[in-house]
Amino acid sequence: MARDFRIDGEVLIKAKFGSHIPPQATLGPSNLSDLGLAEKNTVKIRPLFYHREVQVDDFGPHVPAEVLAMIAALDISMTLVHYDPDIVDIIEAESLGGMWQLLQPAVSGHASAAGVGYGVNADIAGLAGTLAPAGTPLGGGVPLLASGNHYISLNLYSPVLQFPLHVPSVYLTGQPIEIPMGVEYNPLVMRFRAIPYRFPLALSGNQFVASGQLTGSLEVSSSGAVLWDHNLDV
Amino acid sequence: MARDFSIPGESLVFVKGRSDSSIAALTQLGLSDGPIHVRPQFNHKDINVDAWGDAPADVQWMLGTLTIDLTLIHFDYAALETCSALAMGGGQPAFGQMARAGTRMGGGVARFAPGNNYVSLNIASPIANKPWRFFYAYMTGPPLDFPLGTEKSIVTTSWRVVPYTTDPAGLVGGVILGATNYTLFDRVLDT
């Protein structure tokens, strides 16, 4: 790609959820949903690269002999102006551990079945604002987009430049989120954090039990973890 | 078309509004006492690069609006009252009554649907055959001037035309087109 001005175009933002969320629009079997359009110049992607210095006496106290890459996270902020409030409700709930668990309190793990999980929009409207228990893991020990995984897959379209951004494991950080209410149109301030969530790698000899619980030796490895890419969800 | 004087002719103004209004059918608004002024406001944004000093390296087209100044001298008062009511948020039963604060002029619905308070403004051009149709217009106030007295009233009106849309992303078959091929005005009068 040659050097040029970066003009993405109309950056439509879509969100995809774990399969415990039913499709929110007549777009087929996927729950990929329109989140919305942002106000001018408010979609900001800030990579947070972490490094750790390796100090060697021979190099003195101030300059490291080597630097270790300690992976990264993303900070994504936006001010939405034309958006779907139902999808915002789902995002808020998923970022707080999901409402799914409240519908399935007796089920261990996160096994999904036909009809399990959210109902139609009326159910979401009734449960929005209801919290999952403290300590609920967002990944739930299952792969991204699987039932019980509460990370949100965020898709930022780039119709002019054709260089979209896909961030597969995102959650609302909590501040700043501003939900204004009044007679004027209400821009919604949102801030997400993306981490490279990685489903634990099973070593040889391990099994995945039908109830959804993992057994055997597992390894959480950052090697090859995806923080972002340019392949939009479908 | 050869170079010539541009003489539009008797520029009769027509209006058409939402289907539950008194101007649901194409209605004559009236004749102006002088020229009708159509003023496009094209919006552009400079792209500045340090290497290019204070001049822009390129300019981006950022859509546009129009302003139309029209002083009515021979007009349909009822049609004007309806346009005024629509400009005040529409939907209310009596002339002079307002809609609630924050009422959207387009209402998120299609052109001419109940809830869409924009007026389609049509200006005839019988001599030059270059009429104008503005899809989404509303009367601004000011300037809006109703002189009252013994002489004929020449009502000063000003209209704003905006590129109203129900979907700013301009999705067509799942493809984001934005304002591509959006028609702000054309030369085909309403019927």
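Residues that are touching a helix residue (DSSP H, G or I) at 6+ places or on another chain (Cβ under 7 Å) and modelled with pLDDT of 95 or more: does segment B:109-120 have at least one?
yes
So residue B:73 clears everything in (1) in contact (Cβ under 8 Å) with a residue 40 or more places away in the chain; (2) within 19 Å of the chain's Cα centre (by Cα) except one condition, right? Which one?
Failed condition: (2).
Among the listed residues A:43, A:63, A:54, A:67, identify the single one that is at pLDDT 90 or above, within 14 Å of chain B (Cβ to nearest Cβ) and on the phi < 0 side of the Ramachandran plot.
A:43
Can you pull out the residues in segment B:27-76 that are within 14 Å of chain A (Cβ to nearest Cβ) and in contact with a His (Cβ under 7 Å, 6 or more places away or on another chain)?
Within segment B:27-76, B:59, B:60, B:61, B:62 meet the criteria.
Among the candidates B:6, B:19, B:32, single out the residue that is crowded, with 18+ Cβ neighbours inside 10 Å and of a type in the set (Gly, Ala, Ser).
B:32
Among the residues of segment A:91-98, is any more than 24 Å from residue B:169 (Cα to Cα) and at pLDDT 95 or above?
No, segment A:91-98 has no match at all.
For residues in segment A:70-92 being assigned to a strand (DSSP E or B) and within 26 Å of residue B:166 (Cα to Cα), which is nearest to the other protein chains (Cβ to nearest Cβ)? Step through it out loud before you land on a result.
Pass one, segment A:70-92, residues assigned to a strand (DSSP E or B): A:70-83.
Next cut, within 26 Å of residue B:166 (Cα to Cα) only: A:77-83.
On the way: A:77: 20, A:78: 15, A:79: 14, A:80: 12, A:81: 9, A:82: 6, A:83: 11 Å.
Checking each candidate, the answer is A:82.
Within the bounds of segment B:81-97, is there any residue that is closer than 22 Å to residue A:81 by Cα, within 16 Å of the chain's Cα centre (by Cα), in a strand (DSSP E or B) and touching a residue at least 24 places away in the same chain (Cβ under 8 Å)?
Of segment B:81-97, the ones closer than 22 Å to residue A:81 by Cα are B:89.
Applying the additional criterion that residues be within 16 Å of the chain's Cα centre (by Cα) yields B:89.
Remaining after also requiring in a strand (DSSP E or B): none.
No, there is no match, as no residue in segment B:81-97 is closer than 22 Å to residue A:81 by Cα, within 16 Å of the chain's Cα centre (by Cα), in a strand (DSSP E or B) and touching a residue at least 24 places away in the same chain (Cβ under 8 Å).
Which condition number does residue B:156 fail, the rest of (1) at pLDDT below 95; (2) assigned to a loop (DSSP other than H, G, I, E, B); (3) closer than 23 Å to residue B:79 by Cα being met?
Evaluating residue B:156 over (1) at pLDDT below 95; (2) assigned to a loop (DSSP other than H, G, I, E, B); (3) closer than 23 Å to residue B:79 by Cα leaves (2) as the failure.
Report every pair of residues separated by at least 6 positions or lying on different chains whose Cβ atoms are under 6 Å apart, first residue within segment B:124-145 and of a type in the set (D, E, K, R), second assigned to a strand (DSSP E or B).
These pairs meet every condition: B:133/B:122; B:133/B:186; B:145/B:156.
Against the definition (assigned to a loop (DSSP other than H, G, I, E, B) and polar (S, T, N, Q)), how does residue B:117 come out, yes or no?
Criteria met by residue B:117.
Report the residue count in segment B:125-168 for those that are under 15 Å from residue B:185 (Cα atoms), surrounded by fewer than 18 Cβ atoms within 10 Å (Cβ to Cβ) and not basic (Lys, Arg).
Residues flagged as under 15 Å from residue B:185 (Cα atoms), surrounded by fewer than 18 Cβ atoms within 10 Å (Cβ to Cβ) and not basic (Lys, Arg) within segment B:125-168 amount to 2.
Have a look at A:36, A:9 and point out the one that is within 14 Å of chain B (Cβ to nearest Cβ) and assigned to a strand (DSSP E or B).
A:36
Within segment B:159-191, take every residue that is aliphatic (A, V, I, L, M) and part of a loop (DSSP other than H, G, I, E, B) and give me the one that is farthest from the other protein chains (Cβ to nearest Cβ).
Selected residue: B:189.
Of the conditions (1) buried (at least 18 other Cβ atoms within 10 Å of the Cβ); (2) under 17 Å from the mean Cα position of the chain (by Cα), residue A:72 satisfies every one except a single condition; which number is it?
That leaves (1) as the condition not met.
Yes/no per residue for (1) farther than 30 Å from residue B:170 by Cβ; (2) surrounded by 15 or more Cβ atoms within 10 Å (Cβ to Cβ); (3) not acidic (Asp, Glu):
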site: A:135; (1), (2), (3): yes, no, yes
site: A:138; (1), (2), (3): yes, yes, yes
site: A:144; (1), (2), (3): yes, yes, yes
site: A:150; (1), (2), (3): yes, yes, yes
site: A:154; (1), (2), (3): no, yes, yes
site: A:166; (1), (2), (3): no, yes, yes
site: A:172; (1), (2), (3): no, yes, yes
site: A:181; (1), (2), (3): no, no, yes
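List the number of the failed condition for residue B:91; all other conditions in (1) small (Gly, Ala, Ser); (2) under 30 Å from residue A:40 (Cβ atoms); (3) in contact with a Gly (Cβ under 9 Å, 6 or more places away or on another chain) hold.
So residue B:91 meets the others, but not (2).
The values are calculated or read from the model by the stated rules, or taken from the named source; none is laboratory data. Just so it is clear, the structure is predicted and the values come from calculations on it, not from any experiment. Don't worry about glycine lacking a Cβ; one is built from the backbone with ideal geometry, like all the others, and counts go over all protein chains shown.
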